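The values are calculated or read from the model by the stated rules, or taken from the named source; none is laboratory data. Note that the structure is a prediction, hence the values are computed from the model and not measured. Here the Cβ positions follow ideal geometry from the backbone for every residue, glycine too, while neighbour counts run over all protein chains shown. Note: areas computed on protein heavy atoms with side chains; ligands, DNA, RNA excluded. Shrake-Rupley method; radii C 1.70, N 1.55, O 1.52, S 1.80 Å.
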Amino acid sequence: MPELPEVQTIVSDLQKILPGLKIGDVWTDWKKMFKNTSFENFKKEVIGEKFLNVRRLGKNILIGLTGGKTILVHQKMTGHFLYGNWNFENKKWISKNDDPIRNDPQNRFIHLMFDLSDGKQLALSDLRKFAKVLLWPTDKLSELEDIKDLGPDPTAEDFDFNKFQERLFGKKAAKGEPRQRRGKIKTVLMDQSVFAGIGNIYSDEILWLSEIHPMKPVSSLTQEELKLIFNSTKKILK
């Protein structure tokens, strides 16, 4: 499943491509991926709009459009974006070029396609069909269920050791008072309301580097162990 580093890599690449381009058309064969609107309404709302920016919140890709709209995409387990040119043949999208897009079998499960004003296309390939797409007013993103309860981003510049402790135990406990946080450290690291973007892969990597057992209770961690986890988190995600 794509986690913070994979999603950021995709966002960084899309930010080089999309801003300034317009959406000419949209196609899907899996309308269930649209969670807060119908595909027909989604298509009506985005056609003709221009891409403004691409950014990440947690594991979510946020694609800003003109008209005060934002497309949110969560890739889930197997979703990934592709940028190129395809022909629709026998109910399947076939890349026009003999390249990795055509030859990698993971790329043949295309369920969403945008026609772009530069003559190319943006596709979402998703083997398991778990990816979801939302359309939301940009100025009300903070009210969106997928965003409003997210914890801080561990890669943010202002995410320091004090904030790390506060997210684990609360402000009072971070200053030396009794700790209340329950749960095993791996489970807590993966809790998106505590820290946004860490999942199964990187919680393992962080704890392996820290030499701390993933089942160790958070309340039993020493100050030295907490610092190891914090530093490993920064290093691994970078």
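Result for the chain in a Gaussian network model with C-alpha springs under 10 Å: among Ile61, Ile101, Ile110, the largest mean-square fluctuation is at Ile101. Looking at the square roots a ≥ b ≥ c of the eigenvalues of the Cα gyration tensor of the range 12-88, which shape do they give, rounded for a/c under 1.5, prolate if a/b is larger than b/c, or oblate? Since a/c stays below 1.5, the shape of the range 12-88 is classed as rounded. In terms of packing, defined here as the mean over residues of other Cβ atoms within 10 angstrom, the peptides 77-90, 193-206, 114-127 line up highest first as 193-206, 114-127, 77-90. In sequence order, the range 144-157 has phi-based couplings of 6, 4, 6, 10, 5, 9, 6, x, x, 7, x, 8, 5, 4 Hz under the Karplus curve 6.51 cos²θ - 1.76 cosθ + 1.60, θ = phi - 60°, and Gly or Pro positions carry x. If I take R0 = 25 Å and measure r between the Cβ atoms of Ser219 and Leu127 in this structure, what FRET efficiency does the formula 1/(1 + (r/R0)^6) give, to the nearest 0.05? Efficiency at R0 = 25 Å is approximately 0.05. Taking the 1.4 Å solvent-accessible surface of the chain as the whole, the part contributed by carbon and sulfur is 50%.
Here the gap between Lys120 and Asp160, fully extended at 0.36 nm per residue and compared with their Cα-Cα distance, gives a gain of 10.2 nm.
Span-like helix check, the chain: qualifying full DSSP H segments, with Cα axial length of 15 Å or more and mean Kyte-Doolittle of 0.0 or more, are 4-17, 200-210. With all protein chains kept in place, the per residue accessible area of the chain amounts to 53 square angstrom at a probe of 1.4 angstrom. Projecting label points 7 angstrom from Cα along Cα→Cβ for Leu209 and Lys227 puts them 1.7 nm apart. Multiplying the residue separation of Lys140 and Arg55 by 0.36 nm and subtracting their alpha-carbon distance yields 29.0 nm. Taking a point 7 Å out from the Cα of Arg108 in the direction of its Cβ, the residues of the range 52-95 whose backbone N falls within less than 16 Å of it are 87-95.
The label point for Lys234 and the one for Leu21, both projected 7 Å from the Cα toward the Cβ, are 3.6 nm apart. Electrostatic bookkeeping for Ile47 treats Lys and Arg as +1 and Asp and Glu as -1; over the other residues with beta carbon under 12 Å from its beta carbon, the sum is 0. For the chain, the 222 nm mean residue ellipticity estimated from helices alone, with every DSSP H stretch of n ≥ 4 adding -39500 (n - 2.57) and the total spread over all residues, rounds to -8500 deg cm²/dmol.
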